[in-house]
Amino acid sequence: MKCPFCGYIDSRVIDSRDVNDTIRRRRQCLGCALRFTTYERVQTSNIIIIKKDKRREEYNREKLTTGIRKACEKRPLPTGAIEKLVDDVENELHSLGKAEIPSSVVGEIVMEKLKECDHIAYIRFASVYRDFADITSLKHEVDTLIADKDVASQLPLIPQEGVRVSGRRKRAGPSKRLL
Ligand SMILES: [Zn+2]
């Protein structure tokens, strides 16, 4: 396994963990000492994706990653979050144990995962994927999200520097905040 930073061909394993059907290995490059992660899994036959128009194509990780990356653009996600999300999606696809999977199933799995990590990215992905017919169906989706009780635990849309415990802002200043 070549080091992604310097290309050196040898590394040592510093941690090894089983994640579903995958072995996650934390490695340290013996050349530059930087650390990286590899995933190892049993080779399952390549999954075929059945598209909406019934055409079939081989599952393509790059393509999926690009779609998710677009939805997550400029969102404050931690480094590696997208790769991990794609790994999770793949694990779930493999666990279905099917040779052919409709693209709609892939889309639903992605949305489910995005919903857990970033609501804005979720809405962006859903708006492309579900192809909301109009603003009403988009609003409906957003309303459903807001009604969801875990919405408060999400990454803020705007940095929350203005939020304070109530009662502490007695000064009537010009800094009226829109919240
Ligand atoms: Zn290296």
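Overview of results
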{"read-out": "Any pair with Cβ under 9 angstrom, 6 or more apart, that starts in region 68-86 at a residue that is free of Cβ contacts under 8 Å to residues at least 24 places away in the same chain and under 13 Å from Y122 (Cβ atoms) and ends at one that is in a loop (DSSP other than H, G, I, E, B) and of a type outside the set (A, V, I, L, M, F, W, C)", "value": "none"}
{"read-out": "Number of positions in region 117-134 that are in a loop (DSSP other than H, G, I, E, B) and at pLDDT 80 or above", "value": "1"}
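Yes or no, residue by residue, for (1) at pLDDT 90 or above; (2) of a type in the set (A, V, I, L, M, F, W, C); (3) surrounded by fewer than 18 Cβ atoms within 10 Å (Cβ to Cβ):
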residue: T65; (1), (2), (3): yes, no, yes
residue: I82; (1), (2), (3): yes, yes, no
residue: D87; (1), (2), (3): no, no, no
residue: N91; (1), (2), (3): no, no, yes
residue: S103; (1), (2), (3): yes, no, yes
residue: E108; (1), (2), (3): yes, no, yes
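Quick grid of which residues meet (1) over 30 Å from G97 (Cβ atoms); (2) without any contact (Cβ under 8 Å) to a residue 40 or more places away in the chain; (3) touching a Cys at 6+ places or on another chain (Cβ under 9 Å); (4) not polar (S, T, N, Q):
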position	(1), (2), (3), (4)
C6	yes, yes, yes, yes
D10	yes, yes, yes, yes
S16	no, yes, no, no
R27	no, yes, yes, yes
G31	yes, yes, yes, yes
R35	yes, yes, yes, yes
Y39	no, no, no, yes
I49	no, no, no, yes
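The values are calculated or read from the model by the stated rules, or taken from the named source; none is laboratory data. It should be emphasised that the depicted structure is a prediction, and the values quoted were computed from it without experimental measurement. Every residue, glycine as well, gets a Cβ built from its backbone with ideal geometry; the counts of neighbours run over all protein chains shown.
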